[in-house]
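**Student:** Quick one: the structure is below, questions incoming.
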Amino acid sequence: MKEILTYQSVEICFNGTAVIRDTSFTLHEGEILGIVGESGSGKSTLLKAAMGLLGNDGMVTRGDIWFQEKDIPDLPEKELRQIRGEKIGMIFQDAGASLCPIRTIGEQIYESISAHKKITRAEAKGKALDLFEKLYFKDGERIWNSYPFELSGGMNQRVGIVLAMLMQPPVLLADEPTSALDVAVQRQVVQEILRLRELFGTAVILVTHDIGVVSALADTILVLKDGQVAEYGSARQILQYPEKEYTQRLLAAVPKLRRA
Ligand SMILES: Nc1ncnc2c1ncn2[C@@H]1O[C@H](COP(=O)(O)OP(=O)(O)OP(=O)(O)O)[C@@H](O)[C@H]1O
C-alpha cells in the first residue's frame with residue numbers, strides 16, 4: 001500500500017515546551033491507524049499538526065509531516081486551507097455541535113462543498129443524498145431539510161461525518177468521534193468509518209480513549225505516552241501481545257465493540 005501521510009521524527013512545542021518528541025509513523029492508503037494514550041499524552045496535538053492547526057502557541061520544531069510530497073509544517077496558510085477539508089477531512093467529538101444552529105443541514109452542506117468547488121444546490125443535494133444512502137441513513141431528504149436541533153445528537157454527529165467526507169478526502173482525521181455518543185450510535189459510527197474506507201479507500205487516523213472502538217476499527221495502533229511513541233505496530237500484535245506495562249493498563253478496559 002502506498003504511503004499517504006508520514007510523520008518523521010516530529011517534535012511539537014507549545015510556548016517552547018516540547019509536548020511531542022521524536023515521533024514517527026506512516027499512514028498508508030486505506031489504512032485505519034488508532035492512536036491511544038492517556039489524557040494529555042499528545043494525541044490531539046499530533047492530529048492538529050497534520051492540519052496546520054496548532055494555533056499561535058504551537059509549532060512543529062523538528063522533523064517533517066509529509067503529505068503528497070509536501071511537508072505540512074512548511075506550507076503557507078493559503079495552501080493549508082486548500083488541503084483542509086478537501087484533501088484531509090476532520091471529525092471531532094462535537095462535530096454535531098459545530099453545525100450552525102440556524103441553518104438547515106442542506107444549506108450547510110451546499111456551503112461546505114461550494115467553498116471548494118463550483119456546484120449548484122441541486123448537484124450538492126444529489127451528492128449528499130447519495131452519500132446518506134450509501135451510509136444507510138434513513139430519510140436523507142428529511143435530514144437535508146432539517147435544522148440541527150431537529151435531529152438527535154447522534155444523527156448530528158453522523159451528519160458531521162458526511163460533511164467531512166463530501167469532498168472524498170483521501171485522509172480522514174477523527175478525534176474522539178464516538179466518545180459523546182451512546183453505544184448504539186457508537187456502533188453506527190464505527191460501521192460508517194469502515195464503510196467509508198470500503199467505498200473510497202479513505203485512510204483514517206482515529207484518536208480515542210475507547211479501546212473497544214480501536215479494536216473494532218484499527219489495522220495499526222500507535223500507543224502514545226508523554227508525547228512519545230511507547231508502542232507501534234499491527235493492531236492484532238498490540239492488542240494481543242502488548243509489550244509495555246503502560247499499554248497493558250490502557251487495554252485493561254474490556255472491548256465493548258467488535259468488528260462486524
Ligand atoms: N494550545 C495549547 N497551549 C499550551 N499547551 C497545550 C495546548 N494544547 C495542548 N497543550 C498541551 O499539550 C499536551 C498534549 O495535549 P493533547 O490535547 O494533545 O493531549 P491528548 O492526548 O489529546 O489529551 P486528551 O485525551 O485529554 O484529549 C498537554 O500537556 C496539553 O496541556
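**Student:** Once amide H atoms are placed 1.01 Å from N in the peptide plane, what residues at a sequence separation of 5 or more from S98, or on another chain, have their amide H within under 5 Å of its amide H?
**Tutor:** HN-HN under 5 Å from S98: empty list.
**Student:** Suppose R0 equals 35 Å; then what is the FRET efficiency for F14 and A115 from their Cβ-Cβ distance, rounded to the nearest 0.05?
**Tutor:** Efficiency, from the Cβ-Cβ distance: 0.75.
**Student:** Which cross-chain or sequence-distant (5 or more) residues have an amide H under 5 Å from the amide H of I91, H modelled 1.01 Å from N in plane?
**Tutor:** The answer is L173, A174, D175.
**Student:** Could I ask something else about it? Taking amide hydrogens as modeled 1.01 Å from N in the peptide plane, which residues meet the under 5 Å criterion relative to I32, leaving out close sequence neighbours?
**Tutor:** V204, D219, T220
**Student:** For region 36-98, just say rounded, prolate or oblate: build the C-alpha gyration tensor, square-root its eigenvalues into a ≥ b ≥ c, call rounded for a/c under 1.5, and beyond that prolate if a/b exceeds b/c, oblate if not. The partial results should precede the final answer.
**Tutor:** Numbers: a/c = 1.80, a/b = 1.18, b/c = 1.53.
Oblate, because a/c is 1.5 or more while a/b does not exceed b/c.
**Student:** Taking +1 at the Cβ of each Lys and Arg and -1 at the Cβ of each Asp and Glu, which of L131, P73, A50 sits farthest along the dipole of region 1-148 towards its positive end, judged by Cα position relative to the Cα centre?
**Tutor:** Projecting each Cα onto the dipole axis, the largest value belongs to L131.
**Student:** Can you pick out the pairs among K43/K244; K2/K225; K78/K134; K117/K138; K48/K87 whose Cα atoms lie more than 24 Å from each other?
**Tutor:** K2/K225; K78/K134; K117/K138
**Student:** A follow-up question, please. In whole percent, and with a 1.4 Å probe on the protein chains, what portion of the accessible area of region 94-168 is carbon and sulfur? Write down the numbers at each step before the final one.
**Tutor:** Values: 1980 of 3830 Å².
The computed percentage sits at 52.
**Student:** With n ≥ 4 as the cut-off for DSSP H runs, can you work out [θ] at 222 nm for the chain, using -39500 (n - 2.57) per run divided by the number of residues, rounded to the nearest 500?
**Tutor:** Computed mean residue ellipticity for the chain: -11000 deg cm²/dmol.
**Student:** Hey, another quick one. Taking K118 as the anchor, which aspartates and glutamates have their alpha carbon closer than 18 Å to its alpha carbon, excluding any fewer than eight residues away along the same chain?
**Tutor:** E86, E107
**Student:** So which GluC sites (Glu not before Pro) in region 18-119 end up in coil per DSSP with only 10 or fewer other C-beta atoms within 10 Å? Don't skip to the answer; put the middle values down first.
**Tutor:** Values: sites: E29, E31, E38, E69, E77, E79, E86, E107, E111; in loops: E29, E31, E38, E69, E86.
Here the GluC sites (Glu not before Pro) that fit, given the DSSP loop and packing criteria, are E69.
**Student:** Continuing with the same structure: Could you sort the peptides 190-196, 169-175, 121-127 by per-residue average Cβ neighbour count (10 Å cutoff), highest mean leading?
**Tutor:** My ranking of the peptides, most packed first, is 169-175, 190-196, 121-127.
**Student:** Per residue of region 209-220, in order, report the coupling 6.51 cos²θ - 1.76 cosθ + 1.60 (Karplus, θ = phi - 60°) as ³J(HN,Hα) in whole Hz, putting x for Gly and Pro.
**Tutor:** Once rounded to whole Hz, the list reads 7, 8, 4, x, 5, 4, 5, 6, 10, 7, 8, 10.
**Student:** Could you calculate, for region 94-168, the ratio of the Cα radius of gyration to the Kirkwood radius, expressed as Rg to Rh?
**Tutor:** We get a ratio of 0.92 for region 94-168.
**Student:** As a test of reading the structure, rank L99, L251 by solvent-accessible area (1.4 Å probe, protein chains only), most first.
**Tutor:** Sorted descending by solvent-accessible area, the residues read L251, L99.
**Student:** Given a 1.4 Å probe, how much area per residue of the chain is accessible, in Å²?
**Tutor:** 48
**Student:** From the Cα gyration tensor of the chain, with a ≥ b ≥ c the square roots of its eigenvalues, which class applies: rounded if a/c is under 1.5, or else prolate if a/b is larger than b/c, or else oblate?
**Tutor:** Details: a/c = 1.89, a/b = 1.33, b/c = 1.42.
Verdict is oblate for the chain.
**Student:** If I model a spin label as a point 7 Å beyond the Cα along the Cα-Cβ vector, how far apart are those points for H28 and R81 in nm?
**Tutor:** 3.6
**Student:** Moving on. Multiply the residue gap between E3 and N145 by 0.36 nm, knock off their C-alpha separation, and tell me the result in nm, one decimal place.
**Tutor:** Taking E3 through N145 to full extension adds about 47.2 nm, to one decimal.
**Student:** Follow-up question, since we're still on this one. Counting Lys and Arg as +1 and Asp and Glu as -1, each charge on the Cβ, what is the dipole of the chain about the Cα centre in debye, to the nearest 20?
**Tutor:** Values: 30 positive and 34 negative charges, 117 e Å.
Computed charge dipole of the chain: roughly 560 debye.
**Student:** OK, next. If you put +1 on each Lys and Arg Cβ and -1 on each Asp and Glu Cβ, how big is the dipole of region 94-168 around its Cα centre, in Debye rounded to 20?
**Tutor:** On the way: 10 positive and 9 negative charges, 39 e Å.
Approximately 180 debye in magnitude.
The values are calculated or read from the model by the stated rules, or taken from the named source; none is laboratory data. Note that the coordinates shown come from a computational prediction; the quantities given were computed from them, not determined experimentally. Ideal geometry is used to build each Cβ from the backbone, glycine not excepted, and the neighbour counts take in all protein chains shown. Surface areas here come from the heavy atoms of the whole protein model, side chains and all, with no ligands, DNA or RNA. Shrake-Rupley method; radii C 1.70, N 1.55, O 1.52, S 1.80 Å.
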